[in-house]
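Reading through the structure tokens given below for one structure.
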Amino acid sequence: MNICAYFFKIIILSVALCAVFALFLPAYAQYPGFGDPGSRSSSASGTGGLVPVIASVDGGTIPIGATAQVVVRFRNDGSKPVQTGLIRLYPSSTVSGSVTLNQCREEPLPSGAECAIALSVKALQAGSWRVEMLMSHSGRTRLVTATLSGIVDSGGEGADKLSSDIEAIPSSLDFGSLKDSQTLVEPIILRNITSTSIDISDIYIDTSEQAGYSLKTECKKLDAGQACIAIVSWSPKVNGRSSGVMVIEHSGPAALVSVPLKGEYKPGDVNEAEIFPQAIPGRGLLVSSQKELVFGEDVETASSLTVSLVNAGDTDLTINEIKISGSDNGLGFKGDGCSSGTILKPIEACPLTVTWSPTRIGAVFDDVQVLHDGTRGILVLPIRGEATSMVSQDQKAIVLSGGGLALTSGVQKASDGVEFSSLASGVTQEQIDAAAQNKKKLSASAYTPSVMVNTASVLDGYKITSFSSTRAIINGPGGSRLVFDSEEVVLGGVPWFVVIQRNGIEFLHQGHRVLLLFDRSLSSIGRSSVSSSGGSSSSSSSSSSSSSSSSSDGS
């Protein structure tokens, strides 16, 4: 009985332990322990996943150099929506491929639905082609693959065309026929037509030294679909046809690209240069109102001609220098108009005055040269004329100064307190006092003309015919005039203060100083000296002395 009771207790205890163990057993313990766990999971989530509708797609035949569009479809065979991810392409060396449309990534693909992906396949070399496509997704298998294949045909229009990994646009560069001496510039676009990056190791032009081709580019690396530009310039150096090849060395399968270059230079006949060149954008153009300075015939006295120099360009123009080619024919120019350093704005002008005091009888053939920083850089104006008389250079008016400034520093006063600017060196106090008396007699308008006049040119053509220390006779376009020392005289509408110097007459007016020299060889003293040295008679000397006396009296 004791043994039976003992076994009975053991049975009761075992049942109790099983009951307690059953309370803490996990839920998966309720399933039987036999069978494949993977099959149970598959049955829970459904069979299959994202799969290609056609695993091997036939892309057909593609002519070399052409591009074909191939569509690959995928279907979700799972029970849950699938989200697609990155797509990788692995093309053969005969083609290049890129994704042009991805419908699968627009939204998660529901169970049983289909989506399409379009690929662009470009034929590079003849032969069979193949593209492996690998796409990731969120389904159970995580990856899905598809294969595209076909043939690259080398016949037809592309039979003689080699396609590369880098496309050159244009594929050949023709500069055409050039007649003018100038530089032509053309662009060439280089584009990566593969799905991978390409490094450009070198770009150069292979040609002769006289062909005149040059290259400028910064192409270093091209990502898929990226482009860059190369600038080719052509400056022909010799006549006739020229050719060259632009070579692009890169890291793609083809390794290089070539672009043929050609052109023909046929220069035209050289024509005689015109006096005025054609306008060039961005440069000044100096033209003249006359093509030639003609003084005419029968020139007997000092003459002058004035032309306008106009800037006909679109930018400022600076006159650097003005000069006369000859030096001993009496030609010159005045600096109160066009001069060195003058800046002319577009359509602005300045006057150029050329003077001629013939030094010999006969024709003059000379030129005035105007150097500037505009088109061509120089303007040459011919000077023509014929003189029938000479103008003594010793009696020509000499401009000592001119231009509205005081002649020298300081102020001088007359005895009665009238002030004068320092007129000239050697002016005595008596001359200043005499000038003060004359200044009181003249009106203020006499010292300030209401109109601007070229005071320096008023005395052109005047010469001294009789000369003494207190008075002299001058002869000019208005006839003969008697002038007195330290007095004023009006010549050409301008009041002049007269200062008789030892060798001539100095005319002063508001900062202008003009000196008329007296030719001593024309005086009676000069004639007397010549006569004495030549062995003249005493009667001739007596006559010369009397003549000298009358000349000294200023008659």
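The values are calculated or read from the model by the stated rules, or taken from the named source; none is laboratory data. All figures in this text were calculated on a predicted structure; none of them were measured in a lab. Glycine gets a Cβ as well: all are built from the backbone with ideal geometry, and neighbour counts include every protein chain shown. When the accessible area is computed, the model is the full protein with side chains, heavy atoms only, and any ligands, DNA or RNA have been set aside. Shrake-Rupley method; radii C 1.70, N 1.55, O 1.52, S 1.80 Å.
Computed extension gain for Asn271 through Leu86, at 0.36 nm per residue and net of the alpha carbon distance, reaches 59.6 nm.
What is the gain in length, in nm to one decimal, between Leu371 and Ser304 on full extension, counting 0.36 nm per residue of separation less the C-alpha to C-alpha distance? Don't skip to the end; give the middle numbers.
On the way: separation 67, 0.36 × 67 = 24.12 nm, distance 2.12 nm.
The Leu371-Ser304 span can extend by a further 22.0 nm.
On the stretch 75-196, 49 percent of the accessible area sits on carbon and sulfur atoms, based on a 1.4 Å probe.
Ordering Ser136, Ser243 by accessible area with a probe of 1.4 Å, largest first, what comes out? Each step should come with its number before you reach the end.
Values: Ser136 35, Ser243 75 Å².
Output order, biggest surface exposure first: Ser243, Ser136.
To the nearest 10 square angstrom, what accessible area does Thr84 show with a 1.4 Å probe? Estimated to the nearest 10 Å², Thr84 gives 20 Å². Using a simple spin-label model with pseudo-atoms 7 Å out from Cα toward Cβ, Glu186 and Ser233 lie 1.7 nm apart.
For Lys80, the solvent-accessible surface with a 1.4 Å probe is about 140 Å², rounded to the nearest 10. Between Ser243 and Leu101, the FRET efficiency from the beta-carbon distance, with R0 = 41 Å, is close to 0.40. Label-point separation (nm) for Ser197 and Glu386, each offset 7 Å from Cα along Cα-to-Cβ? Spacing of the two 7 Å Cα→Cβ label points: 8.6 nm. Between Ser214 and Ala279, the C-beta separation translates, for a Förster distance of 25 Å, into a calculated FRET efficiency of about 0.35.
Which order do Phe518, Phe365, Phe276 take when ranked by solvent-accessible area (1.4 Å probe, heavy atoms of all protein chains), largest first?
Numbers: Phe518 20, Phe365 155, Phe276 45 Å².
I get Phe365, Phe276, Phe518, largest accessible area first.
For the stretch 122-130, 3J(HN,Hα) computed residue by residue from phi via the Karplus equation (6.51, -1.76, 1.60; θ = phi - 60°) reads 9, 7, 10, 9, 5, x, 6, 10, 8 Hz, glycine and proline entered as x. Of the residues Glu107, Glu132, the one with the largest accessible area comes first in the ranking Glu107, Glu132, computed with a 1.4 Å probe on protein heavy atoms.
Note the full-extension length gain between Ile54 and Ile151 as 0.36 nm times their separation in residues minus their Cα-Cα distance, in nm to one decimal. Let's see the in-between values first.
Values: separation 97, 0.36 × 97 = 34.92 nm, distance 1.87 nm.
Net length gain for the segment: 33.0 nm.
Cross-linked pairs Lys221/Lys262; Lys237/Lys266; Lys237/Lys262; Lys179/Lys216: Cα-Cα separations exceed 20 Å for Lys221/Lys262; Lys179/Lys216. Note on Arg481: accessible area approximately 90 square angstrom, rounded to 10, probe 1.4 Å, nucleic acids and ligands left out.
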